[in-house]
Amino acid sequence: MTFADFRARIPAINSWLLAGVFFMIPVTVAPAYWLTALILVLWLIEGRLGQKLRALAAEPLVWAFVAYFAVFALSLLWSDDLSWGRRLLGRQYLFLLFPLYLSVAQRGHFARYVSAFLLSVTMCELLTFYNWAQLHVWPELPDGIRVDKGADDTAPFVDRILYAPALALAGYLSAHRLLFELTSLRARMPYVALFAATVFNLLISGGRAGLVGFLALLTMLAFQRLVRRPMLAAGVAAALVGGIVFGGYYGNDYFRLRMDRAFDEVVRYEELPKASVSQRIVYAANAWRVFAEHPLIGVGLGDTREAYREMNARHTPKWKPAWNPHNHYLYVLTAVGALGAVALAAVLLLPWLLDAPPDGRERVRRALPLLFIVICLFESYLMRSNTTLMFVLFTAASWCGVRGRPA
């Protein structure tokens, strides 16, 4: 094989490597970084850099993702604690990889990327089932592969905060294949099983944000499938959401315990300074106070921790201070103010405003931002490695080869 032949094969090689990055989403991101580094080296060796850079410069989403990172980097100029600021900025570097992923992804290989992700989720679900059985049914079984975060976590590699959003997207994608891509019963049956297993995993995972995000996606899916019959779609969505919630509540003790506990903590949050939901209510209130005092450009990424601590000491001294308000909107507002809000709105809403042809990916392009719009109410998910990687990768894969224009 000549060097020219090797360079000609690089796009195909990089597409397979990119599928490997998708596989890492619910597992661990460390190998994803190594795979990405290899993709970058091959991308450079392939050449045609001017052509590729011009193509990327024509993509509105590239500018939105880079600008989002740049706003946080710029905020270090008005931050006193640069060490903490650089540490938090490191959680945003994945946004800078979006142009590379967009350039490498191939629109004809979208099914491959989805399959790699679903295969990884399936593996995690099988391990989760074993962990759940070992914890609740057959405690005499040997310990399985289980994340060391909490005594009741059943996920194998990441805790429920990161695991449940991946399950939510996997549930949507498996149902999407059932409804829009597959026709034969034989081809559909594995995805019926995967969808059912994913719903059960969501109920036993304890990840409440992921479950809420999944229910939002399920509602969207009903309207996507019954686009010409909105009343029927609303009824189907209500039946599905109600069936999952009530079935989970009355059929699973752990799910019922988590739901009852959440309700109790909302009602009595002032009496429960160590409870999870109570802390989130207080964190949100204090973060909003920080933003109200610094509305335009925030306190700067590096000074968020100290600003939260000071506001906590002033208003809620019984609570342990937070370094993260567990709400991505408030995280952005406190760090970079209204400037950051504009950047975040571009990242989340631009996929809704750009026009694109119906190529089989159009429904996923709308579903992904909806998932993050919902779950970011409950956690700073676009500064968490696994979920940020999921958002960046699927946005790149669903928009590659499409030159968006404002609708």
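The values are calculated or read from the model by the stated rules, or taken from the named source; none is laboratory data. Please read these numbers as outputs of a predicted model, since none were measured by experiment. All Cβ positions, even for glycine, are placed from backbone atoms using ideal geometry, and neighbour counts span all protein chains on display.
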Q. Only one of (1) under 16 Å from Leu389 (Cα atoms); (2) surrounded by 15 or more Cβ atoms within 10 Å (Cβ to Cβ) is not met by Ala37, so which one is it?
A. (2)
Q: For residues that are among the β-branched types (Val, Ile, Thr) and buried (at least 17 other Cβ atoms within 10 Å of the Cβ), scanning just the stretch 242-289, find the one that is farthest from Arg314 (Cα to Cα).
A: Ile244
Q.
Please determine whether any residue of the stretch 325-341 is surrounded by fewer than 17 Cβ atoms within 10 Å (Cβ to Cβ) and within 30 Å of Glu181 (Cα to Cα).
A. no
Q) Does Arg366 qualify as being within 11 Å of the chain's Cα centre (by Cα), under 21 Å from Leu211 (Cβ atoms) and not small (Gly, Ala, Ser)? A) no
Q: Mind listing whichever residues of the stretch 371-381 are crowded, with 21+ Cβ neighbours inside 10 Å, assigned to a helix (DSSP H, G or I) and either out of contact with any Leu (no Cβ under 8 Å at 6 or more places or on another chain) or among the polar types (S, T, N, Q) (or both)?
A: Ile375, Tyr381
**Q.** Pair list, Cβ under 8 Å, 6 or more apart: the stretch 122-141 residue farther than 15 Å from Ala164 by Cα, other residue among the aromatic types (Phe, Trp, Tyr)
**A.** His136/Tyr254; Leu141/Tyr130
Q: Scan the stretch 290-303 residue by residue and report those that are among the charged types (D, E, K, R) and farther than 13 Å from His315 by Cβ.
A: Asp303
Q: List every residue pair whose Cβ atoms lie under 8 Å apart, where the two residues are 6 or more positions apart in sequence or sit on different chains, the first residue falls within the stretch 235-260 and is without any contact (Cβ under 8 Å) to a residue 40 or more places away in the chain, and the second residue, located anywhere, is outside any helix (DSSP H, G or I) and aliphatic (A, V, I, L, M).
A: Val236/Leu226
Q: Output the helices (runs of 4 or more DSSP H) that fall wholly within the stretch 79-194 and possess 3 or more residues being surrounded by fewer than 15 Cβ atoms within 10 Å (Cβ to Cβ) and of a type in the set (A, V, I, L, M), or say none.
A: 110-136
Q: Name every residue in the stretch 272-289 that is under 26 Å from the mean Cα position of the chain (by Cα) and among the aliphatic types (A, V, I, L, M), in order of residue number.
A: Ala275, Val277, Ile281, Val282, Ala284, Ala285, Ala287
Q: Identify the single condition in (1) under 21 Å from Trp84 (Cα atoms); (2) at pLDDT 95 or above; (3) surrounded by 22 or more Cβ atoms within 10 Å (Cβ to Cβ) that Tyr308 does not satisfy, given that it satisfies every other one.
A: (2)
Q: Go through the stretch 38-69 and give me each residue that's in contact (Cβ under 8 Å) with a residue 40 or more places away in the chain and among the aliphatic types (A, V, I, L, M).
A: Ile39, Leu40, Ala55, Leu56, Ala58, Leu61, Val62, Ala64, Ala67
Q) surrounded by 17 or more Cβ atoms within 10 Å (Cβ to Cβ), under 26 Å from Asn131 (Cβ atoms) and in contact (Cβ under 8 Å) with a residue 60 or more places away in the chain - does that describe any residue in the stretch 219-230? A) no
Q: Working only within the stretch 126-143, note down all residues that are under 12 Å from Ser205 (Cα atoms) and hydroxyl-bearing (Ser, Thr, Tyr).
A: Thr128
**Q.** Among the residues listed as Arg314, Arg280, the single one being more than 19 Å from Ser75 (Cβ to Cβ) and touching a His at 6+ places or on another chain (Cβ under 6 Å)
**A.** Arg280
Q.
Condition (residue is closer than 22 Å to His326 by Cα and more than 21 Å from the chain's Cα centre (by Cα)) applied to the stretch 122-141: is it met by at least one residue?
A. no
Q. Pick from Gly171, Gly108: which is of a type in the set (Gly, Ala, Ser), within 16 Å of the chain's Cα centre (by Cα) and over 15 Å from Phe22 (Cβ atoms)?
A. Gly171
